[in-house]
1. I need the strands (runs of 3 or more DSSP E) fully contained in the stretch C:124-207, keeping only those with at least 2 residues that are surrounded by fewer than 24 Cβ atoms within 10 Å (Cβ to Cβ).
2. Taking the criterion of being touching a strand residue (DSSP E or B) at 6+ places or on another chain (Cβ under 9 Å), over 17 Å from D:Phe166 (Cα atoms), within 12 Å of chain C (Cβ to nearest Cβ) and buried (at least 24 other Cβ atoms within 10 Å of the Cβ), would at least one residue in the stretch D:209-221 satisfy it?
3. Between a first residue in the stretch A:87-109 that is free of Cβ contacts under 8 Å to residues at least 40 places away in the same chain and a second residue that is β-branched (Val, Ile, Thr) and part of a strand (DSSP E or B), which pairs have beta carbons less than 7 Å apart while being 6 or more apart in sequence or on different chains?
4. Which pairs do you get when a residue that is touching a residue at least 24 places away in the same chain (Cβ under 8 Å), found in the stretch D:31-51, comes within reach of a residue that is among the polar types (S, T, N, Q) and open to solvent by less than 50 Å² (accessible area, probe 1.4 Å), reach meaning Cβ atoms under 6 angstrom, with the pair 6+ apart or on two chains?
5. If you go through the stretch A:95-123 one residue at a time, how many are away from chain D (no Cβ under 14 Å), open to solvent by 50 Å² or more (accessible area, probe 1.4 Å) and either among the small types (Gly, Ala, Ser) or more than 21 Å from the chain's Cα centre (by Cα) (or both)?
6. Filter the stretch A:269-295 for residues that are outside any loop (DSSP other than H, G, I, E, B), out of contact with any strand residue (DSSP E or B) (no Cβ under 8 Å at 6 or more places or on another chain) and within 26 Å of A:Ala256 (Cβ to Cβ) and give the result.
7. Condition test on A:Gly230, is it on the phi > 0 side of the Ramachandran plot, within 14 Å of chain B (Cβ to nearest Cβ) and either of a type in the set (Gly, Ala, Ser) or open to solvent by 10 Å² or more (accessible area, probe 1.4 Å) (or both)?
Number of protein chains: 4
Amino acid sequence: MRFFSDNAAAAHPAVIEAIAASNRLDTAYDGDEWSRKLDDAFSELFEREVRALWVSTGTAANCLALAALCPPYGGIVCHKDAHIEVDEAGAPGFFTGGAKLMLVDGPGAKVTPETIEAAIGRVRKDVHQVQPRVLSITNATEYGLTYSAVEVVALGEVAKRHGLAFHMDGARFANAIVTSGAKPADMTWRSGVDAMSFGFVKNGGLNAEAMILFRTELADEIAVRRKRAGHLSSKGRMLAAQILALLEGDLWLANARAANAAARMIGSAAGERLVYPVEANEIFVRASASEAQALRDRGFDFYDWGPDEIRFVTSWDSDSRSVERLAAAIAAL
Amino acid sequence: MRFFSDNAAAAHPAVIEAIAASNRLDTAYDGDEWSRKLDDAFSELFEREVRALWVSTGTAANCLALAALCPPYGGIVCHKDAHIEVDEAGAPGFFTGGAKLMLVDGPGAKVTPETIEAAIGRVRKDVHQVQPRVLSITNATEYGLTYSAVEVVALGEVAKRHGLAFHMDGARFANAIVTSGAKPADMTWRSGVDAMSFGFVKNGGLNAEAMILFRTELADEIAVRRKRAGHLSSKGRMLAAQILALLEGDLWLANARAANAAARMIGSAAGERLVYPVEANEIFVRASASEAQALRDRGFDFYDWGPDEIRFVTSWDSDSRSVERLAAAIAAL
Amino acid sequence: MRFFSDNAAAAHPAVIEAIAASNRLDTAYDGDEWSRKLDDAFSELFEREVRALWVSTGTAANCLALAALCPPYGGIVCHKDAHIEVDEAGAPGFFTGGAKLMLVDGPGAKVTPETIEAAIGRVRKDVHQVQPRVLSITNATEYGLTYSAVEVVALGEVAKRHGLAFHMDGARFANAIVTSGAKPADMTWRSGVDAMSFGFVKNGGLNAEAMILFRTELADEIAVRRKRAGHLSSKGRMLAAQILALLEGDLWLANARAANAAARMIGSAAGERLVYPVEANEIFVRASASEAQALRDRGFDFYDWGPDEIRFVTSWDSDSRSVERLAAAIAAL
Amino acid sequence: MRFFSDNAAAAHPAVIEAIAASNRLDTAYDGDEWSRKLDDAFSELFEREVRALWVSTGTAANCLALAALCPPYGGIVCHKDAHIEVDEAGAPGFFTGGAKLMLVDGPGAKVTPETIEAAIGRVRKDVHQVQPRVLSITNATEYGLTYSAVEVVALGEVAKRHGLAFHMDGARFANAIVTSGAKPADMTWRSGVDAMSFGFVKNGGLNAEAMILFRTELADEIAVRRKRAGHLSSKGRMLAAQILALLEGDLWLANARAANAAARMIGSAAGERLVYPVEANEIFVRASASEAQALRDRGFDFYDWGPDEIRFVTSWDSDSRSVERLAAAIAAL
């Protein structure tokens, strides 16, 4: 029973069907009928004109946007536990040509106006120090917490005050939307977000993510950068088709709802052991090495997060029997 | 009737089936059972130990290898019509951190020992001029010509003499192998090739290419660069599965054979109009604007290559009726 | 008798005196009294507000400006014999993060509206090909030819029509100004030039060059890039002092005048042997290997430019006796 | 009375004389008679064969070496207060092509085997996290502390154990040598240091620093990188001459001795107010805003380092009267 990561889950059958259905000769790259629908599909979802470009990984989605938002000599303010800092192998440095991540501390990988202000305040305004140019947040965070639309608004104001562009890593955006009940528009551009990666791979997709540009003038530059980074698939229709399949009938929300519900059940069982509240599809649990081993002996697979801390991740297809068993096993520790 | 590009053709049904079959939970990235088979599969094909890494585009496959072979301050000798020079949006510059392409002229996008030697000979050996570090050839070339194993040997010797690494862009390697009848080993490492991209997308794949490292010690570095460039798909099994499906029963050769045969038929019809001999799946034909229009009026779709020159590309699934009709129409011009 | 390069000549005594005179404690970097005078000094020279930043080499001066003018994914149109292409070790690729030099042919390292238009016209307007973003010319050129203000105007119009920024490598700007008699303003911003490097090292300076930004808003970014490239000297006053000493009383023009006059004398002697007219301080002469040897035997030092071609360079301090002797020796060949 | 920085001090008269003396025609770049002496001069100083290259700033000296030691995808372990992290405008990211600085905490900008081990230990050994490749320390540190040769040995062992190259920022190496009494060899290559920047600008030089390569095979690559970064001055003799003048008769040690002595005098007066022991030429003193103002009112110029903390820096030419007055003024606070 695998609770290792949502990364590795199967794709939703509708996604596989969509790939198969799009498997016919069409214009190469993003000139096909599926790719050409993305702008409209996301414009409707976000209640305004946006530009949407597919790409095959979250790292590419984040870093192509960051490269357009941040000059090589600029800084990207983010949490010290942000995926772009910790788990992308220095990709922001590669894509931007050497921009510097400026790290902020705080529990649960969440930044606050105060921590952001403090980080910016420490920078001398001269040519010897890298000046911040972008604020990047992850929603839901790397620890399964979410920002409400109100929180994002406050961060957007800080960004604006300091002339920072505002980027959102939305690898688990669906989970955050389901939890908050906010409209996608309120969670993003109405709060000042300029560009985001909209994740599908962890939510029923196979290998398609969307870059959403609220500053639509960025799209043409990012399209060039996408090609230059080797991310312009010649049969891009298979990426667009996945995304359209997940948007269709709000399947993306249904998938996230399922994952979140499974996580909540496990979280409830963990009770006092929880390191963070469960607001998305990740559950961080305090457990000794022997307790972790006991769970493994019962057939559960998960990640050792640190000393006496383990992580479970649910996904759209988390098996309810397995979830119940895991909840019971944790409760019984 | 579309003869625009092999890039945009449908994937072979076996490829779609393989994707569907691999759509289940497994270890993320390249830890799954499909990805772990690639080294062995290609080692068998190449009759020696190789390392093989999947990636989703030819640009990424070429440029990740070039970045490992060429320092930022080095030069890559290639033909002026090479894909890496003409059609990858400067990707070699991005991946290598600014290496310089050193261009060689000659018909049909083919380089020769003589043109390579001349280009190298023009470089002063001092710090003011970029020194060549890599030779990159494309086989089959961008104009549908092929290098025989004997020709590759001669180029490999030039590379060795000057201390250059040797890279092959094998976007249409299958077509070259079918034409030459050479063993993959003879065409590559036995001739001195250090690394190659082995193309599948133009030959029945959906979005999977393989980087083959004959210098196996490069693989770990390239794996890091792959992640850093956002090319490490979390469900990489879907890429590996495509490749395995095309290797299975030599489907890759059957597909290339079909494409080449269709091209030969069209080439025969073109006769004196041919700009280059047809050695792979591309046919360059001299035709006036009105002749081109006449062909279009009859329902054929193709690329205007230049003044009075048009290009047709066949693919694994080129419809034989359409091919016959096109041949007849060209013959009738 | 050394006619190898103006690069290696001694600095003018006024420059050494200025360095000594500035050798006292002052604010570090460019906050000192000398550096703070540069904007005004060059604004006066160019008859409008400009921003001027010192740097210690021509390569840095060119490439810092190009990095501000050209995105990493853009192209810089220049002559195939341009210094930035041939003799800067790939520095434009390093500073810009991988921009591509798009080469134009033609005699004497001069570009023309026609060759520029042709080069731009060959580029497909899509994401697969690098799009030109900057035009860079060298005045005087690498072969000692000059552009008149009228010629620069015509190039500026081409640049404007295609949305290209316009850069001038002015390593030998002084020589061009002396020859043409044009005002610096007419030769540059009034003709559409956005940024230039204004050379002093080849003209009596020791190690100071100026970047002149006619688009003054570029200066702050370039100041950051200068620091980031390790080109912000802490005792920058010694660089500014050199420049001010050479501007003082138009010493820069006097120096160039001397170098040009010496070159003309040698050029006159060369007569029919000249490869190019002598318009600045370089003389390219046809001479067989034995003729070259004969000159060397008589004590003249120079550069073998190619088969049967030799190059002489004069400088501000070319000794008139040596110049006369060389002229006589060439005439006697 | 200026105690702001050693950066901005005048150059030693011997340095100016050396520049003037070298001001005559010689081979360009580093082919002149002064530059060609550097390898021998430093080889003697370090008691083994080394390669030595001049460059005009400390940032260039550090970052060119780091670029040769660290691949773009690697990490450089250093102190969070290291100059390369705090005050070089992201230059390491630019020169390396995006390498990541991996920061270590601890008082006085000193790293220890324990803090280094802990930082390295936190990195997962997979492709998702940047792997450390270089250890960089500053001696004397940015807070005026020094590493003894014994301490450097211990760090060298940690570096070796983890396969890290070992770099030393020696902007104030002279001050550290004077304090420790260690031989330069013991402080560097005998302790495992692979490459260092050897500072002269803060110690009586004008604009010359030396890169010392104990791994001599790095020198040729760094020479190429130096050119490519625009740091190959055409009249490099003026840089080499400065360095030779300061090595002559151990003037570099005399200069550092003078600066250190002045600092010690001020440090003694500060007594309990000292934030760190005074081991080089920087003095960090606890002082309230009103105390700082009182000192300023008496004519002393210095840097506000943080709340209730001020910094004084002495230099080779610190005026003894001013130093005595400052010491008295601090003692009287």
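1. Counting at least 2 such residues, we get C:131-138.
2. Scanning the stretch D:209-221 turns up at least one residue that is touching a strand residue (DSSP E or B) at 6+ places or on another chain (Cβ under 9 Å), over 17 Å from D:Phe166 (Cα atoms), within 12 Å of chain C (Cβ to nearest Cβ) and buried (at least 24 other Cβ atoms within 10 Å of the Cβ).
3. A:Pro92/A:Ile76; A:Ala99/A:Ile76; A:Leu101/A:Ile76; A:Met102/A:Ile76; A:Met102/A:Val77; A:Val104/A:Val77; A:Ala109/A:Thr138
4. D:Trp34/D:Ser22; D:Glu49/D:Ser43; D:Val50/D:Ser43; D:Arg51/D:Thr216
5. 2
6. A:Ala269, A:Gly271 - these are the residues of the stretch A:269-295 that are outside any loop (DSSP other than H, G, I, E, B), out of contact with any strand residue (DSSP E or B) (no Cβ under 8 Å at 6 or more places or on another chain) and within 26 Å of A:Ala256 (Cβ to Cβ).
7. On the way: on the phi > 0 side of the Ramachandran plot: yes; within 14 Å of chain B (Cβ to nearest Cβ): yes; either of a type in the set (Gly, Ala, Ser) or open to solvent by 10 Å² or more (accessible area, probe 1.4 Å) (or both): yes.
It is true that A:Gly230 is on the phi > 0 side of the Ramachandran plot, within 14 Å of chain B (Cβ to nearest Cβ) and either of a type in the set (Gly, Ala, Ser) or open to solvent by 10 Å² or more (accessible area, probe 1.4 Å) (or both).
Yes/no matrix, rows are residues, columns are (1) modelled with pLDDT under 95; (2) acidic (Asp, Glu); (3) touching a Lys or Arg at 6+ places or on another chain (Cβ under 6 Å):
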{"site": "C:Ala52", "(1), (2), (3)": "no, no, no"}
{"site": "C:Gly74", "(1), (2), (3)": "no, no, yes"}
{"site": "C:Gly98", "(1), (2), (3)": "no, no, no"}
{"site": "C:Glu117", "(1), (2), (3)": "no, yes, no"}
{"site": "C:Ile120", "(1), (2), (3)": "no, no, no"}
{"site": "C:Asp126", "(1), (2), (3)": "no, yes, no"}
{"site": "C:Ala140", "(1), (2), (3)": "no, no, yes"}
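The values are calculated or read from the model by the stated rules, or taken from the named source; none is laboratory data. What you see is a predicted model; the values in this text were computed from it and never measured. Glycine gets a Cβ as well: all are built from the backbone with ideal geometry, and neighbour counts include every protein chain shown. When the accessible area is computed, the model is the full protein with side chains, heavy atoms only, and any ligands, DNA or RNA have been set aside. Shrake-Rupley method; radii C 1.70, N 1.55, O 1.52, S 1.80 Å.
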